[in-house]
1. Largest first, what is the accessible-area ranking of Tyr121, Tyr183 with a 1.4 Å probe?
2. Sorted by accessible area with a 1.4 angstrom probe, largest first, how do Val165, Val49, Val18 fall?
3. Starting from 0.36 nm per residue, how many nanometres of slack lie between Tyr81 and Ile119 once their C-alpha separation is accounted for?
4. What is the dipole size for the chain, taken about its Cα centre, with +1 at each Lys and Arg Cβ and -1 at each Asp and Glu Cβ, in debye to the nearest 20?
5. What FRET efficiency comes out for Arg112 versus Val12 if R0 is 35 angstrom and r is the Cβ-Cβ distance? Round to the nearest 0.05.
6. Roughly how far apart, in whole Å, are the Cα centres of the range 91-131 and the range 148-203?
7. Of Gln181, Val193, Ile228, which is farthest along the charge dipole of the range 144-231 in the positive direction, counting Lys and Arg as +1 and Asp and Glu as -1 at C-beta?
8. With +1 assigned to the C-beta of every Lys and Arg and -1 to the C-beta of every Asp and Glu, and no other charges, what is the dipole magnitude of the range 128-243 about the Cα centre in debye, to the nearest 20?
Amino acid sequence: MIDYIITLLASVIAILFVLVPHEYAHAFAAYKNGDWTAKLTGRLTLNPVKHFDLVGFLLCAFTGFGWAKPVPINPNNFRKYKKGLFTTAVAGVITNYIISFICYPIALIIFRYVIQMNIEYLMDHKALLYLAKFLYYVPMQIYAFGLTIFVFNLLPLNPLDGFRVVEALTSPFNRVRIFLQRYGSYILIGLIVESYICSMIQQFAGVDAIKYFNILGFYVQTVAKNVIGYPIHGFWDWIFGLF
């Protein structure tokens, strides 16, 4: 029970460290490209209250992918429309990737030099053991959530960042772009619902094979861990392996 509470608290903190900088990065990139909309509406801030979206927060807590309140931008204010749209769209996920790169070695340091090296002492002092676990879970959850948000947000579905990239690289009359703009949100909702149902079946019915039918979850977790996350854990595991 205590481990569950520790994990939950660590997840809440991790979500804040993932979603808030993500939205701040959008606001900052838009501001630097000439659009003051986010700044004038109070969104150029790291105050989590300004970026909080209940549905996106709960989804992130229970599924691993979600969102904060979208930052308002006006692309018509950009000095260079396509460049501004593209850099503003990718600013959030790039920020998440950088934070994940920083947090992974922090988690390794805590696990190796705080928990492993003092495990006997910690086992005799439960309060310190729980504190050590909490300090480990927070950066590790930030690392994991950061990667899943990175992959999730680059899906080319309206209103995710990936669709803004599509907007920056295509003509307004492109048929694929029009389709994604019109139906992207419905496809996204369908994928999230399907992923949630599959997760519940796997968890409560014990049908492990259902994970292969979890389209969104399988895609996000596989790409986040094995593709996007490989340079991070590959590099840091190599560095720590030298000592």
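The values are calculated or read from the model by the stated rules, or taken from the named source; none is laboratory data. Being a predicted model, the structure only gives us computed values, none of them experimental. FYI the Cβ positions are ideal-geometry reconstructions off the backbone, even for glycines, and counts take in every protein chain you see. The protein model used for the area step is the full one, side chains on, heavy atoms only, and it has no ligands, DNA or RNA in it. Shrake-Rupley method; radii C 1.70, N 1.55, O 1.52, S 1.80 Å.
1. Values: Tyr121 125, Tyr183 100 Å².
Descending order: Tyr121, Tyr183.
2. Numbers: Val165 25, Val49 110, Val18 0 Å².
Of Val165, Val49, Val18, the descending order of accessible area is Val49, Val165, Val18.
3. On the way: separation 38, 0.36 × 38 = 13.68 nm, distance 5.56 nm.
Between Tyr81 and Ile119, full extension yields 8.1 nm more.
4. Values: 18 positive and 11 negative charges, 213 e Å.
It comes to approximately 1020 debye.
5. On the way: r = 25 Å, r/R0 = 0.72.
My answer for the efficiency is 0.90.
6. 33
7. Of the options given, the answer is Gln181.
8. Details: 7 positive and 5 negative charges, 44 e Å.
The calculated dipole for the range 128-243 is roughly 220 debye.
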